[in-house]
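A.B. asks: Handing you this structure, nothing more for now.
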Amino acid sequence: MGWVMLGLLGVAAAAALWALGVPRVAWTSVGAALMLAATGYAVQGSPDLAEHAATPAASAPAIEPDEAEMRDQMFGAYHNGTAYLGAADALLRAGEPRTAARAVLGGVQAHPDNIALWTALGRALAAADGGTASPAATYAFNRAFALAPTHPGPHYFLGLALIGAGQGQAALAQWQIALKLAPADAPYREKLEERVKLLGQFLQMPIGR
């Protein structure tokens, strides 16, 4: 049933784009967003199971105020994706990571060149997939890298997702890249340096018997 609905969604989206007179060159952005949704559904979903009521994740990681501040300093507090990010933050705090991911996906569809939204989509998908750096989440982060190869933000938040997945060394590598890319006068640089240092020290700690 899920695949049927996904197919109908694709047909409906194409019909809407045609009816609204959207140039075909813009269709690729919507198509990419739909493919992202399909990828996440195929990898993490269960399309062959019967329908059932959705239940929120028991311990979905939320965006803490300190991380939201870091995000605003890295990407700017006000841009065309701000409203979507605010909605996603509220949904994550309410324990609704999948709904948060859908909210950010709406922002990506509306503003496909916004790296803050692609980064937030990767973070939300990681939360929705049980705190793992899933293929769908990785795809979203890779889109952010492609749009802004020298921006530290996507690397920093991918690092957070990797920490949640228990991949400390990979997370440290991403944070080190973020630090290297961060401008010398960036308001978040000192905080980033401290976190890179602390994570490195933590990973070097001997494992107890």
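The values are calculated or read from the model by the stated rules, or taken from the named source; none is laboratory data. Every value quoted in this text rests on a predicted model; they were computed, and no experiment measured them. No Cβ is skipped: glycine too gets one built from the backbone with ideal geometry, and neighbour counts run over all protein chains shown.
A.B. asks: Any residue in the stretch 71-83 that's in the same structural domain as residue 110 (by TED's automatic domain parsing): show its pairings with residues that are of a type in the set (S, T, N, Q) and part of a loop (DSSP other than H, G, I, E, B) at Cβ separation under 7 Å, as long as the two are six or more apart or on different chains.
C.D. replies: Matching pairs, first to second residue: 79/114; 80/114; 81/114.
A.B. asks: Additional query: Among the residues of the stretch 134-160, write down those that are in a loop (DSSP other than H, G, I, E, B) and either crowded, with 18+ Cβ neighbours inside 10 Å or not β-branched (Val, Ile, Thr) (or both).
C.D. replies: 134, 148, 149, 151
A.B. asks: State all residues of the stretch 108-133 that are closer than 16 Å to residue 92 by Cβ and crowded, with 24+ Cβ neighbours inside 10 Å; if no residue qualifies, say none.
C.D. replies: Scanning the stretch 108-133 gives 116, 117, 119, 120, 121, 122, 123, 124, 125, 126, 127, 128.
A.B. asks: Further question: Name the one entry in 158, 179 that is out of contact with any Leu (no Cβ under 9 Å at 6 or more places or on another chain), among the aliphatic types (A, V, I, L, M) and closer than 22 Å to residue 138 by Cα.
C.D. replies: Only one candidate passes the filter, namely 158.
A.B. asks: Continuing with the same structure: Could you give every pair whose Cβ atoms fall below 8 Å, whose first residue belongs to the stretch 148-172 and is in contact (Cβ under 8 Å) with a residue 12 or more places away in the chain and under 24 Å from residue 114 (Cβ atoms), and whose second residue is assigned to a helix (DSSP H, G or I) and acidic (Asp, Glu), counting only separations of at least 6 or pairs across chains?
C.D. replies: Here the result reads 160/67, each pair linking the stretch 148-172 to a residue that is assigned to a helix (DSSP H, G or I) and acidic (Asp, Glu).
A.B. asks: Across the stretch 116-141, what is the number of residues that are modelled with pLDDT of 95 or more and over 10 Å from the mean Cα position of the chain (by Cα)?
C.D. replies: 0
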